1. Run the paramagnetic zone check for residue 102: 7 angstrom along Cα to Cβ, then residues of the range 43-68 with backbone nitrogen under 14 Å.
2. When the Cα centres of the range 322-345 and the range 117-193 are compared, how far apart do they sit, in Å?
3. Taking the mean number of other Cβ atoms within 10 Å as a proxy for protection, how do you rank 299-306, 283-290, 336-343 from highest to lowest?
4. Please check which bits of the range 275-311 a label hung off residue 336 would reach, taking the label as a point 7 Å along Cα-to-C-beta and the cut-off as backbone N under 17 Å.
5. Multiplying the sequence separation of residue 189 and residue 161 by 0.36 nm and subtracting their Cα-Cα distance, what value in nm do you get?
6. Place a +1 charge on the Cβ of each Lys and Arg in the chain and a -1 charge on the Cβ of each Asp and Glu, then give the dipole magnitude about the Cα centre in debye, rounded to the nearest 20.
7. Pop the C-beta distance of residue 127 and residue 346 into the FRET formula with R0 = 51 Å and round what comes out to the nearest 0.05.
8. With labels modelled as points extended 7 Å from the Cα through the Cβ direction, what inter-label distance (nm, one decimal) is found for residue 229 paired with residue 327?
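Quick note: the coordinates plus some simple rules give every number you see, no bench work behind them. Remember, it's a predicted structure, so these values are computed and weren't measured experimentally. Here the Cβ is made from the backbone with ideal geometry for all residues, glycine too, and neighbour counts use every protein chain on show.
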Amino acid sequence: MNKKNKIFLFNPYPSTGGADTTIHRFTNSINLKKFDVEYLSLRKVKYNLIKNVTYTKINSTSTFLSFFKILKIVKNDKHKNKIFISLQYFANVWSIIFIKLILRIKTFIYEINHLNELNYYKNFIEFVKKKIIKFLVKKLYINSDIIAGNSKELSKDLQKYVNKKVYTIYNPCFENIKKRKKKYLTKQNINLLSIARFEDQKDHFTLLKAIKYSRIKDKINLLLVGFGSRENEIRKYIKHNKLRVKIFTNLKKLDYFYNKSDLFVSTSLYEGLPTTMIEAASYRLPIISSNFKSGSAEILSNGKSGFLFKLRDYKKLSKLIEDFYNNPKIFLQKEKNCRRNLNRFSVKKNTKLFNHLVQSLI
């Protein structure tokens with residue numbers, strides 16, 4: 001029997017987005033003198049691996065089926081004290097069933113998207129799956145030892161839904177205010193920036209429509225940074241409407257895009273807490289965002305630190321972009337307000353809270 005404590009961290013589909021940056025920073029902050037850490041996933045981790053953390057790839061065709069293998073791994077582990085950490089609704093419900101209810105091992109579940117995620121679907125099969133997951137969330141989450149969300153709004157709504165305390169641990173993504181290499185607005189044109197996966201959730205077409213119907217269409221340059229299944233459709237729309245848009249799929253050096261831009265725009269339908277928006281604020285970029293659940297109103301202080309518009313309202317977004325072009329002063333003032341409140345998203349503060357909650361399970 002190994003007297004050292006063991007943490008299993010399950011992230012089914014690691015990628016290069018904000019959620020993975022968060023998980024990477026949480027993992028990197030764990031005291032490896034007190035804990036052995038094993039990172040479980042269904043596909044290869046794309047970012048830099050953390051030294052002294054064991055990485056185990058689970059060969060499985062689905063998250064649900066993977067738990068039959070994960071159950072054996074956790075059960076056969078010889079550590080005395082074990083903690084299982086997982087994220088996202090579709091993985092967390094199975095974590096509670098297999099790890100908490102069957103093995104009686106403590107679970108820490110972390111949510112990165114608002115419950116609204118489960119109200120969006122592409123087809124009937126996905127509709128049924130999400131209805132089942134939402135039902136299981138309602139019935140099972142009360143059994144988890146710790147539940148946490150990455151924004152106050154997410155945590156508040158989830159707590160009400162599952163009738164159990166939900167902690168808020170912000171994405172640990174803020175380190176310092178950056179010095180910009182580019183001055184704002186020359187009145188010749190404006191550079192808009194959107195960093196988001198090319199998926200339905202991010203609703204890029206609202207942004208593209210806003211530009212298409214703008215009276216200053218020929219003054220707008222858009223930098224779209226991301227990757228995903230909707231890329232070809234986005235490219236076709238851009239070409240058909242002759243929009244001045246450049247697409248970049250390399251997400252390794254985002255500072256280049258932040259420094260090159262005048263205004264950051266988010267059109268998401270739902271989130272948890274968008275890391276890119278916080279990063280944009282740290283690069284002193286004014287922000288316009290859809291008022292999705294959750295995170296945008298929280299980051300932008302309900303409109304005091306940036307501009308919010310209703311979901312899919314491309315006409316309002318178009319007007320806001322024009323307002324920025326014609327009179328950026330109020331946008332820049334709100335940007336200063338946003339910048340002053342970024343410390344709540346600091347790496348140090350939120351990794352400390354994460355570790356405090358982990359320690360409470362020993």
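1. Backbone N within reach: 63-68.
2. 23 Å
3. Values: 299-306: 18.6, 283-290: 24.0, 336-343: 15.1.
Highest to lowest by the protection proxy: 283-290, 299-306, 336-343.
4. 281-287, 304-307
5. Details: separation 28, 0.36 × 28 = 10.08 nm, distance 4.64 nm.
Full-extension gain reported as 5.4 nm.
6. Numbers: 73 positive and 26 negative charges, 111 e Å.
Using only the charged Cβ atoms, the result is roughly 540 debye.
7. 0.85
8. Modelled inter-label distance: 4.4 nm.
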